[in-house]
Structure formats: C-alpha cells, structure tokens
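One structure is given below, encoded as structure tokens.
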Amino acid sequence: MRQDRGVSSPTSDVSVRIAWADDAPAIAAVQLRSWQQRYAGLLASSELPSGPEAVDAVTAAWRGSLVKAADARQRVLVALARADVVGFVMTGPAIDPDCDPVRDGVVEELTVDPSRQHEGHGSRLLQAAADTLVADRFTRALCWVPSTDDALRTFLSDAGWGPDGAHRTLDLLGDGTTTVKQVRLHTALVDAAPA
C-alpha cells in the first residue's frame, strides 16, 4: 500500500461541477477579472465594471440565474482547484434565428481566471460543457468567439471546432462607439445515426 507523503501531481484536486448559488461571488470575481483582460484594448478602465458596487451587482445577477434559470437546459459549470472556483462556462439551447433550439446547444462565457490559465481548466470546462449538452440531448454545439481572439479560436479549433460562416457585431456600450466582431464556431456532439 502506497503512503501519501503530501506530494501531489499538477492535476490533483481539480474538477468541474454544476455551479451552486453559493458560487455566485466567486464566479462574479472571475468574470470581472477576466473582463479587465479581455476588454483592456477596447474599453477604458473607467468603462469596465469595478469596485464593490459592481461586484455586488454581478454577484446578484449570477445568484439569480443560478437559483432559477430561464430554461431547464441552461447550466453553469465551474472549474475548481481544490475548493476555489477558477473558471466557469454556461451551456443551454442556441437562440440564434438560424438554429434549432432542440438540436443546437451553445457554449457561452468559457472563462478561466487570468491567473489560472494554462493549467487545463479550460479543457476540463469545454469537455464538461460538451458532456452536459449531450446529456441535454443536443447534437451540435455552437460558440461565439471574438474575431481577434486568436488564442480562443485556436483552443477551440484544436478541440475539433470550426467556423460555420455566421458572424455578428456586438455593441459593447450600446451607442455604436465600441463594437466587437464575432465569428461562430460549431462542432458535432454525437455521430450521425446510421442510414
């Protein structure tokens, strides 16, 4: 019998699980830290939510969505390092006009804390999201990605995702001054049934 001498591998004590309402403050903190990095070149620091009031507002929004989702197939998963939330992803039915909400699922907000990137949490979240979408009987997954986010596009491409030709522009401030172009990637979740 091997004795534990306190030595752990780099992947010990990491997992992904369904988020609980009590995770709302940690999810909000990860999201706000990631926004500082993600939108650094697009928005002035004064335009990014920060401070206790922003944390409270984002936490309240997360708590509300975790307590009662609008659709039973909407899920939030969290990546854990020991007991700490280090990332999250949302899944649910796709709502794009050209999608079938019964067949097409969406992966949204695949986010890992900037200080915990390159530790495998994104891969675990993506796999758990795919497994969750399959359990919810979706056969295709979609994900909107900023056209300039080469790292995320490469990450998804390496996992078997590819562009489906759809694109859109998001207006971050609602006044047309700051926009983000996005492309949609997709992947099959299950093999087609034999003919």
Reported set for the stretch 43-60 where residues are at pLDDT below 80, hydrophobic (A, V, I, L, M, F, W, C) and under 20 Å from the mean Cα position of the chain (by Cα) is L48
Over the stretch 88-133, the set of residues among the acidic types (D, E), closer than 18 Å to L156 by Cα and in contact (Cβ under 8 Å) with a residue 24 or more places away in the chain is D104, E108, E109, D113, E119
Filtering the stretch 136-181 for residues that are part of a strand (DSSP E or B) and not polar (S, T, N, Q) leaves a count of 18
Of the residues in the stretch 166-182 that are within 19 Å of W35 (Cα to Cα) and hydrophobic (A, V, I, L, M, F, W, C), the one that is farthest from the chain's Cα centre (by Cα) is L173
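Residues checked against (1) among the aliphatic types (A, V, I, L, M); (2) surrounded by 20 or more Cβ atoms within 10 Å (Cβ to Cβ):
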position: D113; (1), (2): no, yes
position: Q117; (1), (2): no, no
position: H121; (1), (2): no, yes
position: L125; (1), (2): yes, yes
position: T148; (1), (2): no, no
position: D164; (1), (2): no, no
position: L173; (1), (2): yes, no
Residues of the stretch 1-41 being at pLDDT 70 or above and among the charged types (D, E, K, R), in sequence order, are D13, R17, D22, D23, R33, R38
Apart from one, (1) at pLDDT 95 or above; (2) under 18 Å from L189 (Cα atoms) all hold for P101; the odd one out is (1)
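The values are calculated or read from the model by the stated rules, or taken from the named source; none is laboratory data. What you are looking at is a predicted structure, and each value in this text was computed from that prediction instead of being measured. Here the Cβ is made from the backbone with ideal geometry for all residues, glycine too, and neighbour counts use every protein chain on show.
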